[in-house]
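Structure first, then comments.
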Amino acid sequence: MFSIAKKLLFKLEPEKAHNLTLNSLGLASKLGLLSNKPLFSDGQIELAGLNFPNRIGLAGGMDKNGILLDDWAHFGFGFAEIGTVTPKAQSGNPKPRMFRLVEDEAIVNRMGFNNKGIDHLASRFKKRKPAGFILGANLGKNKTTQNNLAEADYCLGMDRLFPYADYFTLNISSPNTPGLRDLQHPERVKTLLSALIGYRNDLPLRRPIFVKIDPDLTDLDFIPVLEALGKAKIDGIIATNTTLGRPDNLKSRYAVENGGLSGAPLFEKSLGRVEKIRSFYGRTMALIGVGGIDSLERGQAMIEAGADAIQIYTGFVFKGPALIHQLALSLPMHGKE
Ligand SMILES: Cc1cc2nc3c(=O)[nH]c(=O)nc-3n(C[C@H](O)[C@H](O)[C@H](O)COP(=O)(O)O)c2cc1C
């Protein structure tokens, strides 16, 4: 079934294929044809105070407007991250802005946080019917919001979604919003997180906060960032977002497109980051590994490198739900101690 759908969808322009797929799944969800009951792996995992049914999550960016929500469980996922959402709706960058690198099993995207805004997403989250699935909200800032005012955008996201979202991810690492990655700078991230953690602590429900980081920080910059994240007492890290780097061995003609590269060629970089993060904190930081996971072996390698859970985007596009089911049922219960 997936291989037939893939053949047809891969004939379409990537963003069209993406929208057609999501809208069709949205319809199936409305008709009650999808299940929101997650696949429980053998023994659940507790992470940042939440009980995850299995270790495999849908990465941010696939369902920016909350079309499926808990129904991502239907494909074997134990959790999904909805968004990135910004306070105001925005159209994102001009099209085309998503490119399939078929020969490389990769994608380049420069979407630029196209989304319908926080109020629309909150109205979707209100309709949740949770059945053990974990749903996170991935928060960003509007393109028009200056970096020195970024706090307000992330606080608004938490304010609107805290009654419904199980956790928040602060996205400060997308390469497609000019200047966003500057928020990772150790001095800036300190002030940002001190404000955001303080704000979260005053909300009536305590929702864990993850920070999603980029894979392109130099080794020199990386450690000060980890020190700042540790001091800020966030609940966890998601490593990594897409890369601006282009490995030499890419074959597709779309490799030259501007934007973030995801999929198979990102794996080694993300894996390296996960290893470094785990060795820096020991077991004191929850860690979700993401980037280029497209097989059981790679999923296992990510867990062995120290990830508590993993997320997938591009591997799901190329390999479909069979990969998710296989990973959900087979990943070892414990990573590196
Ligand atoms: C088309 C596309 C859009 C994305 N949009 C977002 C986004 O809005 N927010 C985010 O945090 N990550 C976004 N990502 C990054 C993914 O969540 C993930 O970190 C990255 O693709 C690496 O994982 P993968 O190799 O499994 O795709 C996007 C990725 C792709 C391919």
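Considering only protein heavy atoms, what per residue accessible area in square angstrom results for the chain with a 1.4 angstrom probe?
Numbers: 14130 Å² over 337 residues.
Using a 1.4 Å probe on heavy atoms only, each residue of the chain averages 42 Å².
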Just tell me which aspartates and glutamates come within less than 13 Å, Cα to Cα, of residue 190; anything on the same chain fewer than 8 places away is out.
151, 182, 227
Entries in 30/141; 64/212; 37/126; 64/95; 7/212; 129/212 that, when Cα-Cα distance is taken, lie over 22 Å:
30/141; 7/212; 129/212
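Find, among the trypsin sites (Lys or Arg not before Pro) in segment 117-152, those assigned to loop by DSSP (not H, G, I, E, B) with at most 13 other beta-carbon atoms within 10 angstrom.
Numbers: sites: 124, 126, 127, 128, 141, 143; in loops: 126, 127, 128, 141, 143.
Those satisfying the criteria are 126, 127.
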With runs of 4+ DSSP H residues as the only contributors, calculate the mean residue ellipticity of the chain at 222 nm using -39,500 (n - 2.57) per run, divided by the residue total and rounded to the nearest 500.
-10500 deg cm²/dmol
Return the single residue from 170, 68, 205 with maximal mean-square fluctuation; model: Gaussian network over the chain, springs between Cα atoms under 10 Å.
205
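Rounded to the nearest percent, how much of the accessible area of the chain (1.4 Å probe, protein heavy atoms only) is carbon and sulfur?
Working: 7910 of 14130 Å².
So the carbon and sulfur contribution to the accessible surface is 56 percent.
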Taking all protein chains together and a probe of 1.4 Å, list 18, 120, 185 from the most accessible to the least accessible.
185, 120, 18
With unit charges on the beta carbon (Lys/Arg positive, Asp/Glu negative), name the residue among 26, 198, 310 whose Cα is farthest towards the positive pole of the charge dipole of the chain.
26
For segment 196-220 and segment 91-114, compute the distance between their C-alpha centroids and round to whole Å.
26 Å
Can you check what the net charge comes to around residue 58, using other residues whose Cβ is under 12 Å from the Cβ of residue 58 (Lys, Arg +1; Asp, Glu -1)?
-3
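Could you please report the charge total around residue 318, scoring K, R as +1 and D, E as -1 over all other residues with beta-carbon less than 11 angstrom from its beta-carbon?
On the way: positive: 6, 100, 319; negative: 104, 105, 294.
Spelling it out: positives minus negatives among the neighbours equals 0.
Need one number: % antiparallel among DSSP beta bridges in the chain, to the nearest 5. List each step's numbers first, then the result.
Numbers: 13 of 43 bridges.
In the chain, DSSP labels about 30 percent of beta bridges as antiparallel.
The values are calculated or read from the model by the stated rules, or taken from the named source; none is laboratory data. The structure displayed is predicted, hence computed values, not measured ones. Please note: Cβ atoms are built from the backbone with ideal geometry, for glycine as well, and neighbour counts cover all protein chains shown. The area values use the complete protein model at the heavy-atom level, side chains included, leaving out ligands, DNA and RNA. Shrake-Rupley method; radii C 1.70, N 1.55, O 1.52, S 1.80 Å.
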